[in-house]
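Presented below is the structure to which this report refers.
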Amino acid sequence: MNILITNARQLITLKGPTKVRAGKEADELSIIENGALAIKGEKILAVGTTEEIKANYVSDKIIDASGKVVMPGFVDPHTHPVFVHTRENEFAMRIKGKSYVEISKSGGGIRSSIEAVREASEDELYDLAEKRIWRMISNGTTTLEAKSGYGLSTESEIKMLKVIRRLNENLPIDIISTFMGAHEFPVEYKDNHEEYIRILKEEMMPEVKKQKLAEYCDIFTEEHVYNIEQSRDILNHAKKLGFKLRMHADEIEPIGGAELAAEVGVISADHLGAASDKGIQALSKAGVIAILLPGTIFSLGIKSYARARDMIDAGLPVALATDYNPGSCNCDSMQFIITLACLQMKMTVAEAITASTINAAYSLEMGDRIGSLEAGKQADILIMDMPSYKFLPYHFGSNNVQTVVKNGKTIIGE
Ligand code: NIG
Ligand code: FE
């Protein structure tokens, strides 16, 4: 069956070089005015003006996008959606002046999410995460990455990853899983880090690999969790076992996380709110993608955001993500993240859209299949109820998505 989407006031194609976009390339959206596209099955068949598409393709169904913007679905490359209870009490404590690290050290933080995840059944975790992911989908996310890291034992990390695998199988969007046993030290090993690292390396990682539950391995490198030496050891071991690497680097303190990310060869270095100039240069030279998470900075009440302008000017490709999680950022909307990226990090609207689509796709090594609207790619498409792409960050706190098409099927709207 062929579907045509026609009369888009702006069709944001992001057609461009077949690689992650850096520098000036990141500011180019390749817009077709009065645009249209033809979909056949799960794929995009052709993209052009409405006149061209109507003249060359017949269809069983036409979706009229008059006055609207049509663009690629959002790719959210950093989330933690599998957990039991939310932690709004910590949000309230931050309003009163407590910092994320202070709250973590006094019994809150990641550790306070562990027990409930260990006790929950796979089905309970699945049902909770499914609801959250549907909220993301209704906000325009058509692909997302999801991490484990609230179990911190072999059994419960495997349980989390199985939940992510089932979510990927059952929900209409693509969900890429990442093993993050190095999210924190569980309380029973708080005074014996060596033993937990041994379990991570010798028990958890081989089991995750054996069951083929995750392609990527991530770590929270920060002064109060995994220091640089521990992170180097864990990441190099993961690499030896065949994992590809991601990293939470220099989120809060500039401890050399970005430099380590460049050294070990991660695909993406995430957060980077406090990354040094040297770190930014090293990432750029090593070909790493920076995934910036301005929602987390916003929700933590920190004043300084990642230096996206310096990064883009240094030639570093930038992607954006929600970091959706129960503690530091309970935001499920890539649209709001784009608003923050523009206002607080001075990214242009075009750069922020590039960062949320094609660059995010490359950060998950899926840039050849998703992230732009081009013939042959997956038909992952949004129809946005807005007159121009610049409206997206301007109209915030509300959902601009009218229709979500995933793999050629309408999953939200008509
Ligand atoms: O990306 N930085 C580590 N992990 C999350 C926080 C998770 C939590 O607080 O539960 C983050 O900010
Ligand atoms: Fe995170």
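The values are calculated or read from the model by the stated rules, or taken from the named source; none is laboratory data. Everything numeric here is computed off the predicted structure, so don't read it as measured data. Because the Cβ atoms are built from the backbone with ideal geometry, glycine has one as well, and the counts that use them run over all protein chains shown. Ligands, DNA and RNA are excluded from the accessible area calculation, which covers all protein heavy atoms including side chains. Shrake-Rupley method; radii C 1.70, N 1.55, O 1.52, S 1.80 Å.
When residue 9 is tested against the conditions (1) assigned to a loop (DSSP other than H, G, I, E, B); (2) over 16 Å from residue 376 (Cβ atoms), the lone failure is (1).
Residues in the stretch 121-146 that are out of contact with any Asp or Glu (no Cβ under 6 Å at 6 or more places or on another chain), of a type outside the set (Val, Ile, Thr) and open to solvent by less than 10 Å² (accessible area, probe 1.4 Å): 125, 129, 140, 145, 146. Residues that are of a type in the set (A, V, I, L, M) and touching a Lys or Arg at 6+ places or on another chain (Cβ under 9 Å) were ranked within the stretch 319-349; the one that is surrounded by the fewest Cβ atoms within 10 Å (Cβ to Cβ) is 349. Scanning the stretch 205-234 for residues that are closer than 20 Å to residue 195 by Cβ and basic (Lys, Arg) turns up just one, 232. Is it the case that residue 65 is open to solvent by less than 20 Å² (accessible area, probe 1.4 Å), touching a Lys or Arg at 6+ places or on another chain (Cβ under 8 Å) and within 29 Å of residue 41 (Cα to Cα)? Here the answer is yes, as residue 65 does meet what is asked.
Here the helices (runs of 4 or more DSSP H) wholly within the stretch 312-395 that include at least 1 residues being modelled with pLDDT of 95 or more and assigned by TED's automatic domain parsing to the domain that holds residue 218 are 334-345, 349-356, 358-363. Can you tell which of 291, 280, 302 is closer than 18 Å to residue 346 by Cβ, within 16 Å of ligand 1 (Cβ to nearest atom), in the same structural domain as residue 83 (by TED's automatic domain parsing) and open to solvent by less than 10 Å² (accessible area, probe 1.4 Å)? It is 291. Checked against the criterion of being open to solvent by 20 Å² or more (accessible area, probe 1.4 Å), touching a Gly at 6+ places or on another chain (Cβ under 9 Å) and of a type in the set (Val, Ile, Thr), the candidates 176, 252 yield just one match: 252. On the basis of being under 22 Å from residue 201 (Cβ atoms), under 18 Å from the mean Cα position of the chain (by Cα) and away from ligand 2 (no atom under 16 Å from the Cβ), does residue 244 make the cut? So residue 244 passes the test.
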